[in-house]
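Following: one structure in structure tokens, then a few remarks.
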Amino acid sequence: MDTSPWLSVLIPVYNVELYLQACVESILMQADEQVEIVLLNDASTDGSVQVISRLQQSWPGRLRVLHHDRNRGLSAARNTMLDAACGRYVWFVDSDDLMAPGAIGELRATVDRDAPDLVLCDFSVLRERPRLKHRLRGESHRRTFIGPSGRTLTDRSVLFAGVLEGVNLHAWSKIAKRDLWADDLRFPQGRYFEDMMVIPRLVLRAQSFHHVARPWIRYRQRQGSILATMSMQKAQDMSRSLLGVREALASAPFQPTPRAQFALAYLAARNYIGAARYVAKHHPQHQAARLREFRQDFMQTISLDLRELRQAYLSRGWIWRWLRLQHWLQQAPLGSSEAR
């Protein structure tokens with residue numbers, strides 16, 4: 001009987017003493033013996049190492065623990081674990097989040113039945129002080145994919161468009177066959193928005209996919225998270241995060257639909273507006289130069305010219321969204337030769 005892992009759950013650890021035990025035990029409580037659970041301590045300076053030791057004592061033989069001798073960041077931690085993973089499928093889980101009960105069993109049933117290249121799951125938001133407004137926003141169930149659920153499909157343009165339209169391009173809601181993570185696909189070190197830089201390329205490699213419309217991950221919203229506040233570096237990385245995806249989509253072995261092309265353009269527009277608003281508010285002395293830079297990133301990402309983009313917005317009834325994008329584009333004009 002094959003005893004090799006069918007799944008590797010990869011958990012990067014850096015200064016998460018308060019949350020680590022709950023995270024790991026939420027996985028251990030439901031993982032079968034053929035689920036490999038890998039933790040990487042990225043040179044934590046708090047009590048995370050002691051938490052790992054207690055977990056190893058309580059769950060002997062169930063955890064693989066790797067170490068970095070210096071802090072190298074989230075991307076490097078994920079890459080190291082990815083290189084060490086032995087499972088047929090790989091699932092990244094952040095060490096301050098929780099896995100919902102039954103998630104691994106449901107994943108196993110899907111894998112055994114259809115063996116899709118990629119499984120997409122939804123998530124819920126876990127807050128320290130949830131309020132009524134959070135429930136009204138639908139934080140108990142956030143979708144990560146806009147499209148058919150509950151069955152395995154092979155329409156790759158639908159997959160690409162649905163993932164980008166879902167906006168939530170985090171790695172922990174995408175469980176992929178290990179083979180999709182070839183040596184040329186790794187998380188960029190020293191960059192923010194690393195998931196957005198990588199996940200579209202991962203999605204383009206999948207020939208089959210299955211979306212499960214259940215929140216398998218409870219995503220912890222906390223003030224100390226990396227993206228809780230913006231900075232100039234984060235704004236620049238946000239602006240650049242989708243560069244190269246246009247070319248990857250054009251060379252994909254399927255014909256991208258107008259829906260897929262617009263999904264990429266709309267996500268790029270969101271990034272452009274977010275980066276531009278930050279600079280205009282916090283660094284007005286650099287606004288002109290930075291907005292030109294961000295606009296160039298945007299125009300290099302989309303395959304539609306601005307007339308086609310405007311028509312796509314208006315055909316969806318998104319008048320206000322188009323006017324907002326147009327406003328920020330006008331703050332950084334590139335010259336009369338560009339189509340408006």
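The values are calculated or read from the model by the stated rules, or taken from the named source; none is laboratory data. Note that the coordinates shown come from a computational prediction; the quantities given were computed from them, not determined experimentally. So basically every Cβ, Gly included, is an ideal-geometry build from the backbone, and we count neighbours across all protein chains shown.
Things worth noting here:
- Top-ranked residue in region 55-94 [being of a type in the set (D, E, K, R) and surrounded by 14 or more Cβ atoms within 10 Å (Cβ to Cβ); ranked as farthest from Thr110 (Cα to Cα)]: Arg72
- Among the residues making up region 189-218, those that are among the small types (Gly, Ala, Ser) and either buried (at least 21 other Cβ atoms within 10 Å of the Cβ) or closer than 23 Å to Lys234 by Cβ (or both) are Gly190, Ala206.
- If you go through region 181-190 and keep only what is under 19 Å from Ile11 (Cα atoms) and either in contact (Cβ under 8 Å) with a residue 24 or more places away in the chain or acidic (Asp, Glu) (or both), you end up with Trp181, Arg186, Phe187, Pro188, Gln189, Gly190.
- Checking Ala252 against (1) buried (at least 19 other Cβ atoms within 10 Å of the Cβ); (2) in contact with a Lys or Arg (Cβ under 8 Å, 6 or more places away or on another chain); (3) under 28 Å from Pro148 (Cβ atoms), the condition it does not meet: (1)
Residues checked against (1) over 16 Å from Ser173 (Cβ atoms); (2) not aromatic (Phe, Trp, Tyr):
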{"site": "Asp42", "(1), (2)": "yes, yes"}
{"site": "His68", "(1), (2)": "yes, yes"}
{"site": "Phe92", "(1), (2)": "no, no"}
{"site": "Ala103", "(1), (2)": "no, yes"}
{"site": "Val119", "(1), (2)": "no, yes"}
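- Which listed residue, of Gln287, Gln311, is in the same structural domain as Leu249 (by TED's automatic domain parsing) and in contact with a helix residue (DSSP H, G or I) (Cβ under 9 Å, 6 or more places away or on another chain): Gln287
- Strands (runs of 3 or more DSSP E) contained entirely in region 1-83, each with at least 1 residues that are among the β-branched types (Val, Ile, Thr) and under 23 Å from the mean Cα position of the chain (by Cα): 7-13, 35-41
- Matching residues in region 85-131 - criterion: being in a helix (DSSP H, G or I) and in contact with a strand residue (DSSP E or B) (Cβ under 7 Å, 6 or more places away or on another chain): Ala103, Ile104, Glu106, Leu107, Thr110, Val111, Asp114
- Pair list, Cβ under 9 Å, 6 or more apart: region 267-283 residue of a type in the set (Val, Ile, Thr), other residue loosely packed, with under 14 Cβ neighbours inside 10 Å and modelled with pLDDT of 95 or more: Ile273/His327
- Odd one out for Gly317, checked against (1) out of contact with any Ser or Thr (no Cβ under 6 Å at 6 or more places or on another chain); (2) assigned to a helix (DSSP H, G or I): (2)
- Residue in region 124-142 that is in contact with a Lys or Arg (Cβ under 7 Å, 6 or more places away or on another chain), over 28 Å from Tyr313 (Cα atoms), modelled with pLDDT of 95 or more and not basic (Lys, Arg) present: yes
- The single condition among (1) crowded, with 16+ Cβ neighbours inside 10 Å; (2) modelled with pLDDT under 95 that Thr301 does not satisfy is (2).
- Checked against (1) surrounded by fewer than 21 Cβ atoms within 10 Å (Cβ to Cβ); (2) closer than 20 Å to Asn168 by Cα, Tyr272 passes all but condition (1).
- Applying the criterion of being touching a Pro at 6+ places or on another chain (Cβ under 9 Å) and surrounded by 22 or more Cβ atoms within 10 Å (Cβ to Cβ) to the residues of region 146-163, the residue that is farthest from His210 (Cα to Cα) is Ala161.
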